[in-house]
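The values are calculated or read from the model by the stated rules, or taken from the named source; none is laboratory data. Source: prediction; values computed, not measured. Glycine also receives a Cβ, built like all others from the backbone with ideal geometry; neighbour counts cover every protein chain displayed. What goes into the accessible areas is simple: the full protein's heavy atoms, side chains included, and nothing from ligands, DNA or RNA. Shrake-Rupley method; radii C 1.70, N 1.55, O 1.52, S 1.80 Å.
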Amino acid sequence: MKTKKPDYTIATLGSHSALQILKGARDEGFKSILIGQKGKTRTYRSFGLGDTIIELDSFSDITGIEDVLVNENAIMIPHGSLFNAVSLDSLKDFKVMYYGNKNILPWEENRTKQRQWLKKAGLTLPKIYEKPEDINGPAIIKFFGAGGGKGYFLASNTDEFNLKIAPFSDREYIIQEYEVGAPLYVHYFYSSLTGELEIMSMDKRYETNVDSIGRITAKDQLDLNLESSYNIMGNLPLVVRESMLNELFDMGDRVIEASKKLEPSGLIGPFCLEIIVTPELEFYVFEISARIVAGTNPYINGSPYSDLHYNEPMSTGRRVAREIKNAIGQDRLSEILVNGK
Ligand code: AMP
């Protein structure tokens, strides 16, 4: 397909999944802007990424360079670090072109709304204990806001919960049933231009210390009085049994369908379903990320699934740039930059 030469630039914050976003932009013929934090841009310089590098004291200062980005015709690719740095309210007023649908973000940010969305999609979710007194089995306590699993804790009864929640009395949380099974993170891409859903890749997280306490004996675990924690430090590549793929595609389709009922433009582009697979091979979806996730990082050069689809290296970051290029070529850019009400 013939596309106009893009005079847009692709901008992103220097963290999270910026390497693949910047390389993807370059592979698709875009110039890029890397917005980094002072003293933390060496990674990007070292890999030769980011045609322009802007350094800020803190990511939250990004609102102060709005005009610079607008002048550069920059399209901002959001990722987890952006949502950590800027509130949804300030993001709503941010004048820079934004890839994706801003109206869907509140449905991801608020765990109660997120649950409504996933239920609407007919997915199986872990049970919620409405109040601490209801806990009658293994439960995981999660705080609101993206934090990479930091501070989560487990409790199996109300007394244990009360003891462990004490230091966090000012935080909002939910209490979910803890599902015993294998974690699976499925990275999807939904093209609103073609209506097609793709599975780009999958990962499992490498979390400390839950992924390492099995290296010492149960006796040592007890002697050391260990608590499990879920602080993510990396991601490992994964493929699933081929017979599981059909259901994973169906689940992704239903998430997209449901998103269109929540917000007319629905979810656009990359998203991730976070799943626990039980020994009965049931899929319990415990969370959705409505954006590119860092679990796609092992696949800068593509995954087994993206290779089947594209037969060329296709990371999720590059897929985003390709979508923008296609939209520009078809004069449909406004359909994938839904910038709020
Ligand atoms: P999250 O921040 O929601 O992605 O969760 C962080 C980690 O906690 C996940 O990678 C899982 O290992 C674990 N986890 C979260 N929710 C559950 C659940 N309901 N049952 C079992 N493990 C969970």
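Can you tell me the 0 to 90 degree angle between the C-alpha axis of helix 316-329 and the longest principal axis of the chain, rounded to 10?
In the chain, helix 316-329 runs at an angle near 40 degrees to the longest axis.
Relative to the first principal axis of the alpha-carbon coordinates of the chain, what is the inclination of helix 111-120, with its axis defined by its Cα atoms, in degrees from 0 to 90 and to the nearest 10?
With rounding to tens, the tilt is 80 degrees.
Where Rh denotes the Kirkwood radius from the mean inverse Cα pair distance, what is Rg over Rh for the chain?
Details: Rg = 20.5 Å, Rh = 21.1 Å.
Over the Cα atoms of the chain, Rg/Rh equals 0.97.
Less than 10 Å Cβ to Cβ from Asp211, Lys/Arg counted +1 and Asp/Glu -1: what total charge do the surrounding residues give? Each step should come with its number before you reach the end.
Numbers: positive: Lys204, Arg205, Arg215; negative: Glu207.
Overall, the nearby charge balance is +2.
Please name whichever of Val96, Ile174, Asn136 sits farthest to the positive end of the charge dipole of the stretch 49-177, dipole taken about the Cα centre and charges placed at Cβ: Lys and Arg +1, Asp and Glu -1.
Projecting each Cα onto the dipole axis, the largest value belongs to Asn136.
Starting from the Cα gyration tensor of the stretch 4-162, multiply each eigenvalue by 5, take the square root, and state the resulting semi-axes largest first in whole Å. Before the final figure, lay out each step's value.
On the way: eigenvalues 282, 63, 42 Å².
Whole-Å semi-axes of the equivalent ellipsoid: 38, 18, 14.
Taking the Cα centroid of the stretch 188-222 and of the stretch 119-138, what is the distance between the two, rounded to the nearest whole Å?
21
Tally Lys and Arg at +1 and Asp and Glu at -1 over the other residues with C-beta under 12 Å from the C-beta of Leu238: what net charge comes out? Mind dumping the intermediate values first?
Values: positive: Lys204, Arg205, Arg241; negative: Asp203.
Computed value for this residue: +2.
Working with all protein chains in place, sort Trp117, Trp107 by solvent-accessible area computed with a 1.4 Å probe, largest first. Before the final figure, lay out each step's value.
Details: Trp117 0, Trp107 40 Å².
Ranked list, largest accessible area first: Trp107, Trp117.
By the scheme Lys and Arg +1, Asp and Glu -1, what is the net charge of all other residues having a beta-carbon under 15 Å from that of Leu197?
On the way: positive: Arg254, Lys260, Arg319; negative: Glu196, Glu198, Glu247, Asp250, Asp253, Glu257, Glu323.
Overall, the nearby charge balance is -4.
How long, wide and thick is the stretch 177-242, going by the Cα atoms along their three principal axes, in whole angstroms, largest first?
57, 24, 23
Mind putting a number on the dipole of the stretch 1-124 about its Cα centre? Charges go on the C-beta only, +1 for Lys and Arg and -1 for Asp and Glu, and I need it in Debye to the nearest 20. Working shown, then result.
Numbers: 18 positive and 14 negative charges, 124 e Å.
Value, rounded to 20: 600 debye.
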